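Chemist: This is the structure I have questions about; it appears just below.
The values are calculated or read from the model by the stated rules, or taken from the named source; none is laboratory data. Here the structure is a predicted model, which means the values were calculated and not measured. Positions of Cβ are backbone-derived with ideal geometry, glycine not excepted, and every protein chain shown enters the neighbour counts. All accessible areas refer to the heavy atoms of the entire protein, side chains included, with ligands and DNA or RNA removed. Shrake-Rupley method; radii C 1.70, N 1.55, O 1.52, S 1.80 Å.
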Amino acid sequence: MAEREERRFAQVSRESVALMAESAGVELGEEMAAVLAEDVCYRLREAAQSCSQFMKHAKRKKLTVEDFNRALRWSNVEAVCGYGAQDALPFRSGKEGELFFVEDREINLIELALATNIPKGCAETMVRVNVAYLDGKGGVELQGAVPTAVQSLSDDLLKYYQQITRAILGDDPHLMKVALLDLQSNSKMAALLPYFVYVISGVKSVSHDLEQLNRLLHMVRSLVQNPYLYLGSYVRSLVSSVMYCILEPLAASINPLNDHWTLRDYAALLLSNIFWTHGDLVSGLYHQILLSLQKVLSDPVRPLCSHYGAVVGLHALGWKAVEKVLFPHLPAYWANLQAVLDDYSVSNAQVKADGHKVYGAILVAVERLLKMKALSLSHPGEWCFNAQTGSLAAAGGYSSPGLSPPPQSLSEAAFGIASHLQAGSGGCPWEEWAPVSLPAMYLELYSFFGDSLAVRFSTGPGLDSPPYCPSALLREPKKEALGQGSNSDTARKMPQLTANLSISPRRDGSPRTDPPPPSLAAAGPGRSLPRSSSAQRSRYSSSRSAQRLTGLPRDVFPKARFASPQNGPPTFSFVIGGRQMGQRCQGRRPFQTVFAPTPPPAAVPPRAYAHKLPVIGRVGKPVRRWTCSHYSLLLPL
Amino acid sequence: VKPGSAGSSKSAAGAPEDQQTLLAVLQFLRKNKLTESVEILRREAGLPEDALDTKGADCSAPSSGGTAGGVDGLDAGSLLSRVAVSSSAGTPAPTKVFLGCSAMGVHHLWILSAAVADDQPDVSVVLSAYSQQGDPALYKVYYSDLKKFIESVLDCHRAELSQVFYPLFVHMYLELVYNNHESEAKAFFEKFSGDQECYYEDDLRVLSSLTKKEHMRGNETLLDFRTSKFVLRISRDSYQLLKRHLQERQNNQIWNIIQEHLYIDIFDGMPRSKSQIDAMSGSLAGEAKREANKAKVYYGLLKEPEIEVPLDDEDEEAENEEGKPKKKKPKKDSMGSKSKKQDPNAPLQNRIPLPELKDSDKLDKIMYMKESTKRIRLGRENLPSICFYTFLNAYQGLTAVDFTDDSSLIAGGFADSTVRVWSVTPKKLRKVKSAADLNLIDKESDDVLERIMDEKTASESKILYGHSGPVYGISFSPDRNYLLSCSEDGTVRLWSLLTFTCLVGYKGHNYPVWDTQFSPYGYYFVSGGHDRVARLWATDHYQPLRIFAGHLADVTCTRFHPNSNYVVTGSSDRTIRLWDVLTGNCVRIFTGHKGPIHTLAFSPNGKFLASGATDGRVLLWDIGHGLMVSELKGHTDTVYALRFSRDGELLASGSMDNTVRLWDAAKAFDDLETDDFTAATGHIHLQDNSQELLLGTYMSKSTPVVHLHFTRRNLLLAAGSYAA
């Protein structure tokens, strides 16, 4: 019994009681001390019992001295003073080891009273709210993780962050340019990446404001191009923001005057850029993108502008993507589109215009598909080579083959260039996808597009493959689109187009990146034109310049087996394809603005087929930025 | 608003002994020169003036009939100051009338009880029953003999008969202690305390520390144990078995204890299973007697006041001014009256007098209805978002929290005696201007209510100073003009939220007041404290209107029924009692918790009650049938907060274990099988479906959940202070 009680309760021994009594000057008998000790124990327990009640009602788990004193007070016992301090009291043993006491130092009251360092006191009691949003199934999302974290940054970074975001989203275009440039080259802002990504994810909240969307996309571009940044998994977030701009029926699209098409084009360009340069950071990104594009495309409920975005996006991802996703889906999609295009009612005018946009985008994508496919077939050897590089690239996560081919790969003399182009196209292997033979594909496409396809396709360089110049070179001009070679054709077709071209300082974003392959020298010299020389002077990759050079002699289409009725200006269609390639190849390289403006094209003979092309939506204002204009260029406007 | 008289007042003159008791009290008062009290008591009891004088001669023949009738006439004006003298106390000691175990009485004689409170109840009287003793050495033999018998009976009876162990054990132990057989008592305790149910652990701890007769004096828990009979429910068959056994063995010692200290509620039918018994046991004084829960309870909701029609008109005007469409109103009106047309379970509208609605109340009602239309319907598939209000820098000093019904204000009671009020909305808290400034205001202007506020005083929070001890409970008035707080200093204070000053200090408890709450209609409020009683007050009376006595230990929490006709109290004696505000009677006793009850919540429809205790369990009760409905297990520490969602679909519970849990209340109530047998016997079969009913557990960051509140749109607000 005794043992058990000892385990349960603190006991006051009779010796202690006797000692206490002694110190109070009372002599206690043994008997008396024992009885007293027992009673003291009981009273202590009683007090402990009742003071726990105060603790419970104060909703605490910790019993305080205050609780105990309250219990004492309510049972008419004097409270024990002096133990209310928050800090623990040191409990010491005396020298003999038998004696324990609480250290109670003397305090100099005068010192305390006259002390000049007045303690600050404790912080004001306050209430803060924290919200857990339940999604109905019980999952919890905590609110606003990022903004609170911003506060933990160093002041400098914080200031930088504020200045940059303010400049980019602010009114001053000059300031914005500076900010973007800095964002693109600053090597010390890696810590801010999450916050910029967070800012960019704000696209969803400004979908009504094209200007802001544009700025945010520029921000993406700067971040993507910054060589010092490792984007890591933030790529995913960036991609989703960009995809939003490509695919979503933005609020700004409601007003037909808003040129959201350009925005989508730009975003698509950016997407391919991110994908080729940083695609390796996130596994499966390519598939995810393709899937979401496919989903949008196959959703008839989505507005046409979304479909347009999907097509442009696929186009930007390369012809393989087009072949894999767009081509098989085309028959199903065509019916819808046809219905839209055939509706001539006034109320349908706007939708119809949108439909033409989509039509144009599909046409462009499909053309390049045909062309690239033809090309890949025509140069099996190259193709193999490219496939290799491509697969290498694929191993690295689909990074652009155009980029990936290290200089060595290009060393294959003149073909290097072509190979690099093809690599670009072939770089995105899409597993278990059964290729359709080229003629079959052509036939099918022809059934949709009729002559407009045939015309454009055939406008390519001469049918006979035996080119007097290396096929690669032929193609160059097209890819390089902007290239001088192409402009003559484009100019004829659509005024806006040419305008864009001439404006295009887009060199900066474009693929200058490739290091000049040795082959260039070999290939270049023969064909170099006067203006190409200027280009060459620039540090552009030799291949590029080579392409530019070749611009003129594009008559040779190596592989074309289709007899094209007309021998129209060959450049036309190829320009598009070629340009695409060029885009794809651009890597993340320092911005280069060196660009030789092309002379305005001479008058171009009207195209015979021009009338067959659907005339689609008009772009009200000339596109301001080269970047934006890329894709709109591709469309027969 | 002066309450009009309502209901019928009980006749003061009951059985002759009651008269005698009264006379004794009067005599006592006179002896103590409390002539005023004598007068009041005499008048209210309806005794003739000469009753006392003639007492010696014919105390047994008071004239009751006529005077009883007179009571009604006399007190017609002051409705709530009626006296219904307990009919059950029956103890000769005068104090027992007021402090004893009677659950029945409404005693307006609080002055009296205060006056005699310092007199300890006569322990010798109370304990005298223990004086008869047998051979102390035989106690063990008796007990183990019984134990052996009970262990050998059929399974179906064993569980029931095992209930006898604990009360027998306690009483035998106390007898030993009382008769100074200390060592035998200790040995007895040592031998058998391990056999007792684990949920009696706390009581056993108290018992074990008590080893001397002197200790019993002043130990209130034990006095209560002694004076109240421990209630057991046993089937007739089991009881016969036990009786036969004890008589065969001539085990008089035990038989005497059973006869004197136990109340065995015998029922016909199948013996209950162990789980059934365990569900209901655990309280300090056993289960509730069946008849204790037989009274009719009007748990239905009151009709929305008649004024609703003019209210709608006004509202319409108001809306027109705002240029809003008219047609919405009539629809709402019809909807409102349809749902409230006839509820057979609702009390009469004027069963207790309620304050009239003011214009501002009507406006608030309109706001409420508007908000309700936007309410999110919660359910198993649709859980609410939770906002957690964390009190920072409170240094574990936060003791109570309340939100206004519209969730615009939050108030906290602190251990440092302060009450702080925060505005949760951007609207700042402002005081009314001083009297001098008020004189300058154009009182005719439309925005006079705005003009009386002093912009200079605008701030996010205000601190109310006045208490001299930790503030254990706070409650906003429904109109948001007042705040109640109760404290360890024994007072309940009423604060104005217009001037942010204290208006009244209600003194009466004299001991720490653990909880207080406003009636849902305002005006009345209830408080409960360490003195084991709950009191009903009206804001304009400085004395309580009712005293609800009956709990055997502290009243730890008090809540008003949504129809304001009932008050529920939870206590450290581990029982919950429902009191009728009109009569002051205890109409329900719920047992089943195994620890002090710390929170209670009525379902919005008034039919159900939820309770949470230190045992970490939440129990659901059907008020109409007086039955336990469900047991929600999951919390690992004291449950301090409970709240039903606005539509009653969900129950949220908050606990010391830093979690908020959501329970599917609708399912728990639907599953309830209320066949006649269950209702008649009160024997429930609880399935253990806590896991099924638990919809979610949400952790806070080491912040115990002290309060929960559903906004009018069913967003869940939780509050607590960060415990570093």
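Chemist: Please determine whether any residue of region B:541-549 is under 25 Å from B:L398 (Cβ atoms), away from chain A (no Cβ under 14 Å) and charged (D, E, K, R).
Modeler: First, pick out the residues of region B:541-549 that are under 25 Å from B:L398 (Cβ atoms): none.
No, region B:541-549 contains no residue that is under 25 Å from B:L398 (Cβ atoms), away from chain A (no Cβ under 14 Å) and charged (D, E, K, R).
Chemist: Being over 25 Å from A:Q212 (Cα atoms), at pLDDT below 75, within 14 Å of chain B (Cβ to nearest Cβ) and open to solvent by 60 Å² or more (accessible area, probe 1.4 Å) narrows it down to one residue among A:E141, A:E98; which is it?
Modeler: Numbers: A:E98 fails: within 14 Å of chain B (Cβ to nearest Cβ).
Within the list A:E141, A:E98, the selection yields A:E141.
Chemist: Taking A:A58 as the residue in question, decide whether it is open to solvent by less than 60 Å² (accessible area, probe 1.4 Å) and either facing chain B (nearest Cβ under 7 Å) or aromatic (F, W, Y) (or both). Let's see the steps before the verdict.
Modeler: Values: open to solvent by less than 60 Å² (accessible area, probe 1.4 Å): yes; either facing chain B (nearest Cβ under 7 Å) or aromatic (F, W, Y) (or both): yes.
Yes, satisfied.
Chemist: Among the residues of region B:635-645, is there at least one that is among the charged types (D, E, K, R), crowded, with 21+ Cβ neighbours inside 10 Å and under 18 Å from B:G379 (Cα atoms)? Steps first, please.
Modeler: Applying the first criterion (among the charged types (D, E, K, R)) to region B:635-645 yields B:637, B:643.
Imposing the further condition that a residue be crowded, with 21+ Cβ neighbours inside 10 Å reduces the set to B:643.
Restricting the remaining residues to those that are under 18 Å from B:G379 (Cα atoms) gives B:643.
Yes: region B:635-645 contains one or more residues that are among the charged types (D, E, K, R), crowded, with 21+ Cβ neighbours inside 10 Å and under 18 Å from B:G379 (Cα atoms).
Chemist: Also: For region B:414-447: of the residues being polar (S, T, N, Q) and on the phi < 0 side of the Ramachandran plot, which is most open to solvent (accessible area, probe 1.4 Å)? Outline the logic, then answer.
Modeler: Restricting attention to region B:414-447, the residues satisfying the condition of being polar (S, T, N, Q) are B:417-418, B:423, B:425, B:434, B:439, B:445.
Checking the rest, the ones that are also on the phi < 0 side of the Ramachandran plot come to B:418, B:423, B:425, B:434, B:439, B:445.
Working: B:T418: 6, B:S423: 18, B:T425: 57, B:S434: 62, B:N439: 113, B:S445: 20 Å².
Looking at the filtered set, the residue picked out is B:N439.
Chemist: Go through (1) under 17 Å from B:D688 (Cα atoms); (2) within 14 Å of chain A (Cβ to nearest Cβ) one by one and return the number of the condition B:R617 breaks.
Modeler: If we test B:R617 against (1) under 17 Å from B:D688 (Cα atoms); (2) within 14 Å of chain A (Cβ to nearest Cβ), just (2) comes out false.
Chemist: Shifting gears a bit: Just name the residue that is most open to solvent (accessible area, probe 1.4 Å) out of those in region B:181-200 that are without any contact (Cβ under 8 Å) to a residue 12 or more places away in the chain and either away from chain A (no Cβ under 11 Å) or of a type in the set (S, T, Y) (or both).
Modeler: First, pick out the residues of region B:181-200 that are without any contact (Cβ under 8 Å) to a residue 12 or more places away in the chain: B:183, B:190, B:194, B:198.
When the remaining residues are screened for being either away from chain A (no Cβ under 11 Å) or of a type in the set (S, T, Y) (or both), the result is B:183, B:198.
Values: B:S183: 81, B:C198: 99 Å².
The qualifying residue most open to solvent (accessible area, probe 1.4 Å) is B:C198.
Chemist: Name the one entry in A:L175, A:L193, A:L231 that is modelled with pLDDT under 85 and surrounded by fewer than 19 Cβ atoms within 10 Å (Cβ to Cβ). Talk me through it step by step, then tell me what you get.
Modeler: Numbers: A:L175 fails: modelled with pLDDT under 85; A:L231 fails: surrounded by fewer than 19 Cβ atoms within 10 Å (Cβ to Cβ).
The conditions single out A:L193.
Chemist: Right, next: Considering region A:237-255 alone, what residues qualify as being crowded, with 19+ Cβ neighbours inside 10 Å and assigned to a loop (DSSP other than H, G, I, E, B)?
Modeler: A:E248, A:L250
Chemist: Follow-up question, since we're still on this one. Which residues, counting only those in region A:3-18, are away from every other protein chain (no Cβ under 14 Å) and at pLDDT below 85? It would help to see each step written out before you state the result.
Modeler: To start, the set of residues in region A:3-18 that are away from every other protein chain (no Cβ under 14 Å) comprises A:13-18.
Of everything in region A:3-18, those that are away from every other protein chain (no Cβ under 14 Å) and at pLDDT below 85 turn out to be A:S13, A:R14, A:E15, A:S16.
Chemist: Separate question: I'd like to check something: does region A:79-87 contain any residue that is assigned to a loop (DSSP other than H, G, I, E, B), at pLDDT 80 or above and touching a Phe, Trp or Tyr at 6+ places or on another chain (Cβ under 8 Å)?
Modeler: We begin by selecting, within region A:79-87, every residue assigned to a loop (DSSP other than H, G, I, E, B); these are A:79-87.
Among the residues that remain, those that are also at pLDDT 80 or above are: A:79-81.
Filter once more, keeping what is touching a Phe, Trp or Tyr at 6+ places or on another chain (Cβ under 8 Å): A:80.
Yes; the residues of region A:79-87 include at least one that is assigned to a loop (DSSP other than H, G, I, E, B), at pLDDT 80 or above and touching a Phe, Trp or Tyr at 6+ places or on another chain (Cβ under 8 Å).
Chemist: Which is open to solvent by less than 30 Å² (accessible area, probe 1.4 Å), assigned to a helix (DSSP H, G or I), more than 14 Å from chain A (Cβ to nearest Cβ) and among the β-branched types (V, I, T), of B:V177, B:V170? Lay out the reasoning, then the answer.
Modeler: Values: B:V177 fails: more than 14 Å from chain A (Cβ to nearest Cβ).
Exactly one residue qualifies, and that residue is B:V170.
Chemist: Moving on to the next point. Is it true that some residue in region B:661-682 is under 28 Å from B:S281 (Cα atoms), open to solvent by 20 Å² or more (accessible area, probe 1.4 Å), at pLDDT 85 or above and within 14 Å of chain A (Cβ to nearest Cβ)?
Modeler: yes
Chemist: So, B:D268, is that one open to solvent by 80 Å² or more (accessible area, probe 1.4 Å) and at pLDDT 80 or above or not?
Modeler: Details: open to solvent by 80 Å² or more (accessible area, probe 1.4 Å): yes; at pLDDT 80 or above: yes.
Yes; evaluated as a whole, the condition is true for this residue.
Chemist: Within region A:30-52, is there a residue that is over 30 Å from B:G194 (Cα atoms), open to solvent by less than 100 Å² (accessible area, probe 1.4 Å) and either more than 12 Å from chain B (Cβ to nearest Cβ) or modelled with pLDDT under 80 (or both)?
Modeler: At the first step, the residues of region A:30-52 found to be over 30 Å from B:G194 (Cα atoms) are A:30-33.
Still in the list and also open to solvent by less than 100 Å² (accessible area, probe 1.4 Å): A:33.
From what is left, the residues that are either more than 12 Å from chain B (Cβ to nearest Cβ) or modelled with pLDDT under 80 (or both) are A:33.
Looking through region A:30-52, at least one residue is over 30 Å from B:G194 (Cα atoms), open to solvent by less than 100 Å² (accessible area, probe 1.4 Å) and either more than 12 Å from chain B (Cβ to nearest Cβ) or modelled with pLDDT under 80 (or both).
So that you can scan it fast, the table gives a plain yes or no per residue for (1) within 14 Å of another protein chain (Cβ to nearest Cβ); (2) out of contact with any helix residue (DSSP H, G or I) (no Cβ under 7 Å at 6 or more places or on another chain); (3) more than 22 Å from B:L176 (Cβ to Cβ):
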| residue | (1), (2), (3) |
| --- | --- |
| B:G218 | yes, yes, no |
| B:Y239 | no, yes, yes |
| B:L246 | no, no, no |
| B:N252 | no, yes, no |
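Chemist: Do we have any residue at all in region B:567-585 that's more than 12 Å from the chain's Cα centre (by Cα) and within 15 Å of B:V618 (Cα to Cα)?
Modeler: no
Chemist: Here's a follow-up. Return the residues of region A:316-341 that are open to solvent by 10 Å² or more (accessible area, probe 1.4 Å) and at pLDDT 85 or above; say none if nothing qualifies.
Modeler: Those that are open to solvent by 10 Å² or more (accessible area, probe 1.4 Å) and at pLDDT 85 or above: none in region A:316-341.
Chemist: Does at least one position in region B:552-563 carry a residue that is under 17 Å from A:F54 (Cα atoms) and out of contact with any Gly (no Cβ under 8 Å at 6 or more places or on another chain)?
Modeler: Yes, because at least one residue in region B:552-563 is under 17 Å from A:F54 (Cα atoms) and out of contact with any Gly (no Cβ under 8 Å at 6 or more places or on another chain).
Chemist: For region A:61-77, what are the residues that are among the aromatic types (F, W, Y) and facing chain B (nearest Cβ under 10 Å)?
Modeler: Initial filter on region A:61-77 (among the aromatic types (F, W, Y)): A:68, A:74.
Result: A:W74, single match.
Chemist: While we're on this one: Kindly indicate whether B:S721 is within 12 Å of another protein chain (Cβ to nearest Cβ), modelled with pLDDT of 85 or more and touching a strand residue (DSSP E or B) at 6+ places or on another chain (Cβ under 9 Å).
Modeler: Working: within 12 Å of another protein chain (Cβ to nearest Cβ): yes; modelled with pLDDT of 85 or more: yes; touching a strand residue (DSSP E or B) at 6+ places or on another chain (Cβ under 9 Å): yes.
Judged against the criteria, B:S721 is a match.
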